[in-house]
Amino acid sequence: MTLNLVPSQYRNVSVADGPAALDEESLRAFLVGRPVYRRTRYVVARQGGASAVVEVSKESEVPLFSPVVEMSVLARADETAFVDAPETDTAVPTQMARVAARQAPGARCVVVRGRYGHVSFILDPAPIRIEVVEVVPPWPPKLADQLSRVLELAEDLPPVELVPRLVDLDALAATRPAEHYLFPCRAGQPTAGEPARVAAKVSYLDEIPERAPWTLVGCARSRSIHDWFYGDDVPVVDMCPRRLAGTGSGPVITKCCLLEDRVSQEAGLVVVPWGASLAQILEGLRLALTAGRSADPVPR
């Protein structure tokens, strides 16, 4: 059984009013010998409110139309749901899997009439779960948001379900109570009128404040910057997502500021640079979805 089958192109799918019965014998009699467009590989046969999905083989792909010489039923009418989802791009597997889960969770095959009126289907949807380890704020969590944005356009990736594991910096700082905390920067801090992040004085390392008896909430890079400017030891709460990630039951994506210009993988953990581009996010997704790549340790 092939999971997550989504046709690669809109033109591979034809929709036809089917025979009175959508059983295999009736579909075979209806389709074999019938001319279809040369790019057609799948036919969604409809009768009333019912649909069945069939894969066809043609006599030739050279002429514009060619007769069907063989067919196989991929999904019977009792296994198939037809849904309207006008905001869904039917070429994007992640979008198709999301619609299937929301609008027809019990169906083995979901035919979707989506954006631009295009019709396609997803057969045996089983999105691949990828855990995303991220520290917050900022909101929305940047890495999870970037991954979502890339997946919304990823026609050549299988459907993915992102599972965010968010580590709140307030709660993390509270594991080492202090009267004064030093955070790396103001990014993601509350705006005027919003509640303070922690019930203590807060300074920001990127502003190079006058030295005070603070606790640094940061990572290895933050400690190096602190050493550069202040040259003394400091209590630290480690906020590196790479170190907080540990291991998961499946692929895990996180980020690390020690990576500046590349994406890394080690034992199921994919790490992108802290300021990763969308191209690097896509590379990280591909690594997370590909088994058996050689390990590439993150610098420590």
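The values are calculated or read from the model by the stated rules, or taken from the named source; none is laboratory data. Keep in mind that what you see is a predicted model, and the values were worked out from it rather than measured. We place every Cβ from the backbone using ideal geometry, glycine too, and count neighbours over all the protein chains shown. Calculation scope for accessible area: heavy atoms of the full protein, side chains included, ligands and nucleic acids excluded. Shrake-Rupley method; radii C 1.70, N 1.55, O 1.52, S 1.80 Å.
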Strictly under 4.7 angstrom between C-beta atoms: which cysteines of the chain have no such partner? C109, C185, C256, C257
Once you put a point 7 Å from the Cα of A199 and another 7 Å from the Cα of R38, both along the Cβ direction, what distance in nm separates them? 7.4 nm
More than 21 Å apart: what percent of Cα pairs in region 29-108 qualify? 39 percent
Given backbone amide H placed at 1.01 Å from N, residues whose amide H is under 5 Å from that of A126, ignoring those fewer than 5 places away on the same chain, are N4
Contour minus Cα-Cα distance for Y116 and S224 (0.36 nm per residue): 33.6 nm
Ignoring ligands, DNA and RNA, how do W274, W139 rank by accessible area with a 1.4 Å probe, largest first? W139, W274
Please work out the ratio of the alpha-carbon Rg of the chain to 2.2 N^0.38 Å and round it to two decimals. 1.36
Need the full-extension length gain, T175 to D233, defined as separation in residues times 0.36 nm minus the C-alpha distance. One decimal, nm. 19.0 nm
Run the numbers for F65 and V167: contour at 0.36 nm per residue of separation, minus the present Cα-Cα distance, in nm. 31.0 nm
